[in-house]
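The structure appears right after this line, and notes come after that.
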Amino acid sequence: MLIALLPGDGIGPEVIAQARRVLDALGLDGVTYQEAAVGGAAYKASGHPLPPETLDLARRADAILFGAVGDPACDMLERHLRPEQAILGLRKELALFANLRPAKLFPELASESALRPEIAAQIDMMIVRELNGDVYFGEKGMRKTADGKREGYDIMSYNEDEVRRIAHVGFKTAMARNGRLCSVDKANVLETSQLWRDVVTETAAEYPSVQLSHMYVDNCAMQLVRAPGQFDVIVTGNLFGDILSDQASMCAGSIGMLPSASLDKAGKGLYEPIHGSAPDIAGQGKANPLAMILSAAMMLRYSLGHPAAADRVEAAVAGALAGGARSGDLGGSMSTSEMGNAVLAAL
Ligand code: NAD
Ligand code: IPM
Ligand code: MN
């Protein structure tokens with residue numbers, strides 16, 4: 001089994017180093033690692049955020065462990081050269097269309113949630129985010145209006161096949177959990193969302209045991225803080241899923257806690273925390289590595305066929321938290337490597 005390690009920018013390399021220590025401690029047979037540059041680091045080294053060697057490694061690998069990309073120094077580059085294009089390119093090139101973002105409260109973190117502890121305690125949901133379409137990948141550009149004003153535009157669209165394939169993932173995920181699926185859209189305003197709602201509703205006929213509901217995205221943002229326990233599985237588009245998952249992370253304690261898996265139709269996956277390169281704390285040893293470590297656990301479960309090892313890693317994270325391990329985002333002062341030490345000790 002070959003694992004591609006793509007550390008990227010900012011805190012990406014810092015958190016991936018801790019995930020690697022945990023993976024090494026598991027002593028799995030036959031797992032090899034190969035590292036490549038991605039994002040701003042790759043642009044600085046070779047002039048492109050997703051160099052051909054990196055894409056080739058990602059294609060060859062059985063699974064990809066991805067840190068984060070993004071560098072303020074690159075924000076003025078032409079869009080196709082910006083670090084973020086690396087992750088968007090990997091998702092698109094490898095057809096990683098299904099992004100699973102579990103948000104669950106570790107009971108030890110109830111007091112870190114932005115919500116009251118008794119409300120936070122209910123959080124246990126999976127956000128299924130579509131990753132290959134929507135306004136992210138439509139035609140975009142800058143133009144001039146008839147009267148010479150600058151205008152930016154981005155086309156939002158989904159075709160029915162794109163909606164259907166993610167709807168199936170949503171329904172199957174709900175069947176494997178508590179049987180409730182909430183599809184989130186903005187069908188009261190957007191045609192893209194009307195098609196989304198129509199296709200999800202049609203697909204429901206194949207899953208009679210799943211209880212399907214629909215919710216507008218603005219209401220969903222509100223319900224996530226009012227009563228997050230009502231959600232089992234949420235299925236939504238690329239843009240809404242991006243925003244709602246950051247919100248859910250803070251309800252569950254910290255953005256430094258939420259892992260993700262981005263899967264293709266055969267189950268090949270890229271695993272990354274939902275957070276970014278955090279330039280404000282990069283290089284200071286302050287980043288919480290738990291989202292990255294939990295992403296490695298998802299990799300063990302979904303791509304490497306090691307569910308028992310995944311359970312062990314997740315239990316070790318819980319153990320570290322129970323033992324009081326807290327980085328700055330969790331109200332403590334432990335460094336990135338001290339957090340890694342705590343997980344290793346619990347393992
Ligand atoms: P961010 O997620 O990087 O940071 C938001 C805030 O959360 C910051 O205050 C940061 O310090 C904090 N934070 C994030 N992760 C943390 C962790 N593990 N431990 C402790 N604190 C943490 O989002 P942003 O600031 O909006 O974006 C910064 C850069 O990252 C941008 O260039 C953006 O495009 C990029 N980004 C990349 C990804 C990715 O690689 N998948 C995801 C999101 C953002
Ligand atoms: C994420 C990030 C990315 C996204 C950016 C960096 C392109 O915010 O993975 O959540 O918007 O998908
Ligand atoms: Mn995001």
Of ARG91, ARG82, the only residue that is in the same structural domain as PRO7 (by TED's automatic domain parsing), within 13 Å of ligand 2 (Cβ to nearest atom) and in contact (Cβ under 8 Å) with a residue 60 or more places away in the chain is ARG91
Flagged in the stretch 184-214 as among the polar types (S, T, N, Q), open to solvent by 30 Å² or more (accessible area, probe 1.4 Å) and under 17 Å from GLU130 (Cα atoms), in numbering order, are GLN194, THR201
Selection from the stretch 130-154 of residues in contact with a strand residue (DSSP E or B) (Cβ under 7 Å, 6 or more places away or on another chain) and surrounded by fewer than 15 Cβ atoms within 10 Å (Cβ to Cβ) yields GLY138, LYS140, GLY141, MET142, ARG143, LYS144, THR145, ARG150, GLU151, GLY152, TYR153, ASP154
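Look through ILE127, ILE123 and report the one residue that is away from ligand 3 (no atom under 16 Å from the Cβ) and in contact with a strand residue (DSSP E or B) (Cβ under 7 Å, 6 or more places away or on another chain).
ILE123
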VAL163 vs (1) open to solvent by less than 50 Å² (accessible area, probe 1.4 Å); (2) part of a helix (DSSP H, G or I); (3) among the β-branched types (Val, Ile, Thr); (4) within 16 Å of ligand 3 (Cβ to nearest atom): all pass except (4)
ask   = Does ILE64 satisfy the condition of being within 14 Å of ligand 2 (Cβ to nearest atom), more than 30 Å from GLY152 (Cβ to Cβ) and assigned by TED's automatic domain parsing to the domain that holds HIS306?
value = yes
For helices (runs of 4 or more DSSP H) lying entirely in the stretch 29-124, having 1 or more residues that are aromatic (Phe, Trp, Tyr) picks out 40-46
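Residue-wise test of (1) within 14 Å of ligand 1 (Cβ to nearest atom); (2) crowded, with 24+ Cβ neighbours inside 10 Å.
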{"position": "MET257", "(1), (2)": "yes, yes"}
{"position": "LEU263", "(1), (2)": "no, no"}
{"position": "GLY267", "(1), (2)": "no, no"}
{"position": "PRO273", "(1), (2)": "yes, yes"}
{"position": "ALA287", "(1), (2)": "yes, yes"}
{"position": "LEU300", "(1), (2)": "no, yes"}
{"position": "HIS306", "(1), (2)": "no, no"}
{"position": "ARG312", "(1), (2)": "no, no"}
When (1) part of a helix (DSSP H, G or I); (2) in contact with a strand residue (DSSP E or B) (Cβ under 9 Å, 6 or more places away or on another chain); (3) free of Cβ contacts under 8 Å to residues at least 60 places away in the same chain are applied to ALA325, the one that fails is (1)
When every residue in the stretch 237-253 that is hydrophobic (A, V, I, L, M, F, W, C), within 12 Å of ligand 2 (Cβ to nearest atom) and open to solvent by 50 Å² or more (accessible area, probe 1.4 Å) is compared, the one nearest to THR192 (Cα to Cα) is LEU239
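Based on this model, can you work out whether ASP232 counts as open to solvent by 60 Å² or more (accessible area, probe 1.4 Å), touching a residue at least 12 places away in the same chain (Cβ under 8 Å) and within 21 Å of the chain's Cα centre (by Cα)?
no
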For VAL210, the lone unmet condition from (1) within 16 Å of ligand 1 (Cβ to nearest atom); (2) in contact with a Gly (Cβ under 7 Å, 6 or more places away or on another chain); (3) outside the structural domain of LEU65 (by TED's automatic domain parsing); (4) aliphatic (A, V, I, L, M) is (1)
The residue from VAL217, VAL225 that alone is open to solvent by 10 Å² or more (accessible area, probe 1.4 Å), among the β-branched types (Val, Ile, Thr) and within 21 Å of THR192 (Cβ to Cβ) is VAL217
Inset, instruction - State yes or no: is TYR153 more than 16 Å from ligand 1 (Cβ to nearest atom), outside any helix (DSSP H, G or I), over 22 Å from the mean Cα position of the chain (by Cα) and farther than 16 Å from PRO228 by Cβ? - result: yes
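The values are calculated or read from the model by the stated rules, or taken from the named source; none is laboratory data. These numbers come from a predicted model, not from an experiment. Quick reminder, even Gly has a Cβ in these numbers, built from the backbone with ideal geometry, and neighbours come from all protein chains shown. With ligands, DNA and RNA removed, areas are computed over all heavy atoms of the protein, side chains included. Shrake-Rupley method; radii C 1.70, N 1.55, O 1.52, S 1.80 Å.
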